[in-house]
C-alpha cells in the first residue's frame, strides 16, 4: 500500500500519548477516524476535524490503516481480534499498527491470524514519554513486514524522530522491552541519588547541573529529575503501565531461560508504589516509596 493524503487513517486510544500522536497525523492533512473508551479524551481531536467512531470495528470499516495505542495486552487482543475488533471489518490489504507496549508473543499471534485475512500487522511501540509524543520526537521500534513498515514512513515521520526497523513480527516489542529494562534500573538509581543529594544538604538544581552532562547523564535525568524537584508526579507514563511492562519483560525472560535479578528487584518497588495508590502517578513517583522507606515526609520538604 502506498500512503497518500487520501489514505484513511484510524486511531484507537487517545490517552496521554495517543492523543498527541494522533494530533500530528491529523495536522499532517490525513482524514482521521478516532475511537477511545472515554469519548471526552478524544474531544480535542474531534474539535480539530477527526471523525468519531463508536467501536474499533467501525474505525476499521472506514479506514485503510488503523493504529492502536491502548493500555494492556488484553486490550490489544480485544481491540484487534475481538468480536467487535478491527479484524472483523478491515478490508484485505489493510494495515494494523499496534503502538502499545505489549507482548512480543501476542504480536506474533496477531500477525499470524491477521495474515490469514490478507491484513498486515505491524508492532511499533515507542519511547519518549508524553513530551516525546507532544514534540513528535518519539523513538519508534518496528517489527513486521519490512515493505509494509517502510510504506508507513510518511506517518512515522509525523510522530517520531528515531525510526528503526528491527525485524519480523514481535521484534519491535522485543526492542521496547530492552528500553524498559534500561529505564527500570535507571529510575531507581535516579530517585536514590536525589534522596542522597537532599540528605547531603546539596542544592538539587546545582547537582543536576553537575551530573547531567557527565557520565551519569541520561534522558531520565534530564527530563524526569526536574519534575521530581518540582514535586511534579503527574504521569508522563503511568506507574501501573510500567508494572505491566516489567511483567512482560520478566515473562519473556523466563521463556528464554534468562535470569534478570536486577529487574525482578526493581519490579518489587514499582509493585509497592502501585499498591500504595501511586499507580496513576508518573514513574517518578517511585521516589515516594523510597522516601517512605527512609522516613522522609515529602509534604514537609521545600523540594520533593
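The values are calculated or read from the model by the stated rules, or taken from the named source; none is laboratory data. Just so you know, these numbers come straight off a predicted model, no measurement behind them. Using ideal geometry, Cβ is built from the backbone for each residue, glycine included, and neighbour counts are taken over all protein chains shown.
A few comments on the model shown:
- Subset tally (residues that are more than 15 Å from residue 65 (Cα to Cα) and crowded, with 22+ Cβ neighbours inside 10 Å) for the range 112-128: 3
- Residues of the range 67-84 classified as crowded, with 23+ Cβ neighbours inside 10 Å and over 17 Å from the mean Cα position of the chain (by Cα), total: 1
- Matching entry among 66, 34 (being modelled with pLDDT of 95 or more and farther than 23 Å from residue 135 by Cβ): 66
- Restricting attention to the range 193-251, the residues being part of a loop (DSSP other than H, G, I, E, B) and crowded, with 17+ Cβ neighbours inside 10 Å number 6.
- Yes/no for residue 61 being within 20 Å of residue 120 (Cα to Cα), surrounded by fewer than 19 Cβ atoms within 10 Å (Cβ to Cβ) and in contact with a helix residue (DSSP H, G or I) (Cβ under 7 Å, 6 or more places away or on another chain): yes
- Matching entry among 185, 189 (being surrounded by fewer than 16 Cβ atoms within 10 Å (Cβ to Cβ), out of contact with any helix residue (DSSP H, G or I) (no Cβ under 7 Å at 6 or more places or on another chain) and either assigned by TED's automatic domain parsing to the domain that holds residue 294 or under 28 Å from residue 100 (Cα atoms) (or both)): 189
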